[in-house]
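What follows is a short report on a single structure.
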Amino acid sequence: MTDRLKDKTALITGGSSGIGRAAAQLFSREGAKVVIADINEEGGEETVRGITVEGGEAHFVRTDVSKSAEVEALIKKIIEMYGKLDCAYNNAGILGDVVSLVDHTEESWNRTIETNLKGTWLCMKYEIPQMLEQGSGSILNTTATTGLFIGGRYRSAYSASKAGIVSLSKVAALEYAEYGLRVNVICPSARTPLMEQFFELNPEAEADFTAQMPMGRIFAPEEIVEGALWLLSDASSFVTGHVLAAEGGFLCR
């Protein structure tokens, strides 16, 4: 490893599994002190154990990112422990109900929007003041291919929430660039628990999705997080408001 996050404090929401866990492990190996936030306590603690076994430093803080008080408490806890927040990877999200647009209930629609879009906004709402006080900081928000130039059939709330994250991130990048803060977006297409959940609900979708991938396969989370690391590290110091599509050429079709 190259210590690309040496002496940095990094927050990863949704760090109990998938891309979040892979990111937490990589960031720790690169020298960061890692804080994992998730509603899944068992998975979050498992991520922490995996990091500490390797000699890294990590803490888990149970957090529902759709709840303002819990996100505020999370950031306060990080500052109590480390005195700063250098990197924030806002990765928590849910798939929501896989149904046609008109078959969404108001409850299921709201739950998806509140977790994915509102949750990303709340994280930035409390991360940014701390970073402004420090005079520096890097934020990365997770979207999806369905949040860019294509729709996701039977995933209207999910697609809308992910598209909203792109616009929200660009606004944040514009508003805070002059203060030394950077905000970027990563658009992954990897084999994650969310993707597995979708395939379980739609058994025919996996073969169809794989066939559409120019590289002929679905990527592992470990292949995605190198891009996340770059965007959060000082190596990308002049990059803000950017959307990195880490999806193997899927959008080129």
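The values are calculated or read from the model by the stated rules, or taken from the named source; none is laboratory data. Since the model is a prediction, treat every value here as computed from it, not as a measurement. Note that each Cβ is placed from the backbone with ideal geometry, even for glycine, and that neighbours are counted across all protein chains shown.
Screening ILE39, ILE75 for residues that are among the aliphatic types (A, V, I, L, M) and touching a helix residue (DSSP H, G or I) at 6+ places or on another chain (Cβ under 8 Å) leaves exactly one candidate, ILE75. Each residue in region 138-186 was checked for being touching a Pro at 6+ places or on another chain (Cβ under 9 Å) and closer than 13 Å to GLY93 by Cβ, and 3 of them qualify. Please indicate, with yes or no, whether at least one residue in region 60-74 is surrounded by 14 or more Cβ atoms within 10 Å (Cβ to Cβ), in contact (Cβ under 8 Å) with a residue 60 or more places away in the chain and not charged (D, E, K, R). Among the residues of region 60-74, at least one is surrounded by 14 or more Cβ atoms within 10 Å (Cβ to Cβ), in contact (Cβ under 8 Å) with a residue 60 or more places away in the chain and not charged (D, E, K, R), which makes the answer yes. The residue list LEU132, LEU101 contains one member that is aliphatic (A, V, I, L, M) and farther than 19 Å from LEU231 by Cα, which is LEU101. Within region 1-28, the set of residues being farther than 20 Å from CYS187 by Cα and either touching a Leu at 6+ places or on another chain (Cβ under 9 Å) or not basic (Lys, Arg) (or both) comprises MET1, THR2, ASP3, ARG4, LEU5, ASP7, LYS8, THR9, SER28. The condition of being surrounded by fewer than 20 Cβ atoms within 10 Å (Cβ to Cβ) and either hydrophobic (A, V, I, L, M, F, W, C) or in contact (Cβ under 8 Å) with a residue 24 or more places away in the chain (or both) holds for GLY56. If the condition is being surrounded by fewer than 21 Cβ atoms within 10 Å (Cβ to Cβ) and touching a helix residue (DSSP H, G or I) at 6+ places or on another chain (Cβ under 9 Å), then region 161-172 contributes ALA163, GLY164, VAL166, LEU168.
Within the option set GLU106, GLU175, being at pLDDT 95 or above and either within 28 Å of PHE238 (Cβ to Cβ) or among the basic types (Lys, Arg) (or both) holds for one residue only, GLU175. Selection over region 89-126 of residues that are among the hydrophobic types (A, V, I, L, M, F, W, C) and in a loop (DSSP other than H, G, I, E, B) gives a count of 4. Residue by residue through region 39-53, note down the ones that are of a type outside the set (A, V, I, L, M), out of contact with any Lys or Arg (no Cβ under 6 Å at 6 or more places or on another chain) and either closer than 16 Å to LYS6 by Cα or part of a helix (DSSP H, G or I) (or both). Listed by number, the residues that qualify are GLU42, GLY43, GLY44, GLU45, GLU46, ARG49, GLY50, THR52. In this entry, LEU95 passes the filter for residues that are under 15 Å from the mean Cα position of the chain (by Cα), touching a residue at least 40 places away in the same chain (Cβ under 8 Å) and farther than 28 Å from LEU181 by Cα. A Cβ distance below 6 Å, combined with a sequence gap of six or more or placement on separate chains, defines the contacts here; from region 131-148, residues that are under 16 Å from GLU175 (Cβ atoms) reach residues that are among the aliphatic types (A, V, I, L, M) in the pairs MET131/LEU181; GLY137/MET131; GLY137/LEU181; SER138/LEU232; ILE139/ALA88; ILE139/VAL183; ASN141/ILE165; ASN141/VAL185. Considering only residues that are in contact (Cβ under 8 Å) with a residue 24 or more places away in the chain and over 13 Å from the mean Cα position of the chain (by Cα), look in region 119-129 and name the one that is surrounded by the fewest Cβ atoms within 10 Å (Cβ to Cβ). The extreme case among them is LYS125. Taking SER17, is it out of contact with any strand residue (DSSP E or B) (no Cβ under 7 Å at 6 or more places or on another chain), in contact (Cβ under 8 Å) with a residue 24 or more places away in the chain, buried (at least 17 other Cβ atoms within 10 Å of the Cβ) and not hydrophobic (A, V, I, L, M, F, W, C)? For SER17, the condition - out of contact with any strand residue (DSSP E or B) (no Cβ under 7 Å at 6 or more places or on another chain), in contact (Cβ under 8 Å) with a residue 24 or more places away in the chain, buried (at least 17 other Cβ atoms within 10 Å of the Cβ) and not hydrophobic (A, V, I, L, M, F, W, C) - is met. Inspect all residues belonging to region 40-53 and state whether any of them is under 22 Å from VAL185 (Cβ atoms) and touching a Gly at 6+ places or on another chain (Cβ under 6 Å). For region 40-53, residues under 22 Å from VAL185 (Cβ atoms) and touching a Gly at 6+ places or on another chain (Cβ under 6 Å): absent.
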